[in-house]
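Everything below concerns the one structure shown next.
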Amino acid sequence: MTSDDRREFQRLRLAKPILGMLEGHNALILDIGVTGAFVEHYGKAEVGERLMLLFRWKGTDVEYVSEVRRTGVIRKAANDVVSHSGLRFLQPIGDSEARLNDMVATFVGKILAAQRANAAAGEAPDSAALVDLGGAHRSRARGFITYRLANGTWTQTFTDSPVQPADGFTVAAYEDPAELQTLCETFEAADAEGRRLIRLVAELSARTMKR
């Protein structure tokens with residue numbers, strides 16, 4: 001992953017790849033986030049090419065028009081080659097955006113709950129609250145709030161930018177304070193990878209805000 005990719009979006013590294021279809025051919029989704037995926041597939045792709053990516057979540061299709069942002073051949077196959085391609089999601093088909101958000105939030109909530117349970121004797125974070133982040137309970141609020149942690153103290157700043165800081169996270173301004181308190185507590189207890197996943201969850205919220 002290039003530095004530009006990292007700044008653009010966070011991705012969830014999947015312990016078990018998801019089987020999908022890229023332009024109607026079998027593909028493995030290795031990493032996925034709210035704005036893109038990293039996919040293993042047969043054949044070559046071209047940077048800038050638009051491809052259809054489809055997979056299933058809870059028995060329903062998730063399908064996106066996607067753009068190839070980077071690609072490379074990793075090995076030869078019998079009569080073809082195998083490539084790794086980074087895709088950026090351009091256009092969801094039907095309710096695919098809501099299904100993708102639900103999938104990513106569910107995965108992240110389970111991972112963070114397991115990390116918290118393994119690392120401390122205290123209670124695991126409420127994964128349901130993490131899944132709800134970025135949900136339908138929006139109000140007339142506009143813009144974003146950035147939460148930063150320094151020396152054990154949180155600061156909040158209203159901003160027009162959805163950028164995720166390394167020392168905290170940014171969410172839509174309409175989010176419920178109780179859920180954000182849960183997110184702050186989870187962030188404090190998390191390791192570096194856990195905090196990266198929390199920023200991924202925060203992106204679910206930030207992407208639903210219309211600026």
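Of note:
- Selected residue [within 19 Å of LEU30 (Cβ to Cβ) and of a type outside the set (Val, Ile, Thr)] from GLY94, GLY72: GLY72
- Residue tally, condition surrounded by fewer than 19 Cβ atoms within 10 Å (Cβ to Cβ) and either assigned to a helix (DSSP H, G or I) or outside the structural domain of GLY109 (by TED's automatic domain parsing) (or both), over segment 183-192: 5
- Filtered residues of segment 62-84 (kept if among the charged types (D, E, K, R) and touching a Lys or Arg at 6+ places or on another chain (Cβ under 8 Å)): GLU67, ARG69
- Every residue from segment 193-211 that is of a type in the set (Val, Ile, Thr) and in a helix (DSSP H, G or I): ILE198, VAL201
- Among the numbered conditions (1) at pLDDT below 95; (2) touching a Pro at 6+ places or on another chain (Cβ under 6 Å); (3) more than 20 Å from LYS16 (Cα to Cα); (4) assigned to a strand (DSSP E or B), the only one that TYR64 does not meet is (1).
- Residue list for segment 155-186, filter: in contact with a helix residue (DSSP H, G or I) (Cβ under 6 Å, 6 or more places away or on another chain) and hydrophobic (A, V, I, L, M, F, W, C): PHE169, VAL171, ALA172
- In segment 31-47, the residues that are within 22 Å of LEU12 (Cβ to Cβ), β-branched (Val, Ile, Thr) and out of contact with any helix residue (DSSP H, G or I) (no Cβ under 6 Å at 6 or more places or on another chain): ILE32, THR35, VAL39
- Candidates are the residues of segment 41-66 that are within 24 Å of ASP102 (Cβ to Cβ) and acidic (Asp, Glu); the one that is nearest to the chain's Cα centre (by Cα) is GLU63.
- Residue in segment 135-145 that is at pLDDT 70 or above and within 18 Å of ARG196 (Cα to Cα) present: yes
- In summary, LYS16 fulfils each of the numbered conditions (1) on the phi > 0 side of the Ramachandran plot; (2) at pLDDT below 95 with the single exception of condition (1).
- GLY59 meets the conditions (1) over 19 Å from LEU19 (Cβ atoms); (2) out of contact with any Leu (no Cβ under 7 Å at 6 or more places or on another chain) in every case but one. The failed one is (1).
- Condition check for VAL171: outside the structural domain of LEU90 (by TED's automatic domain parsing) and at pLDDT 80 or above: yes
- Residue within segment 149-165 that is at pLDDT 80 or above, crowded, with 17+ Cβ neighbours inside 10 Å and outside any loop (DSSP other than H, G, I, E, B) present: no
- Some residue of segment 93-101 being among the hydroxyl-bearing types (Ser, Thr, Tyr), closer than 23 Å to GLU193 by Cα and surrounded by 17 or more Cβ atoms within 10 Å (Cβ to Cβ): no
The values are calculated or read from the model by the stated rules, or taken from the named source; none is laboratory data. On a predicted model such as this, the values are computed, not experimentally measured, just so you know. All Cβ positions, glycine included, derive from the backbone under ideal geometry; neighbour counts span all protein chains shown.
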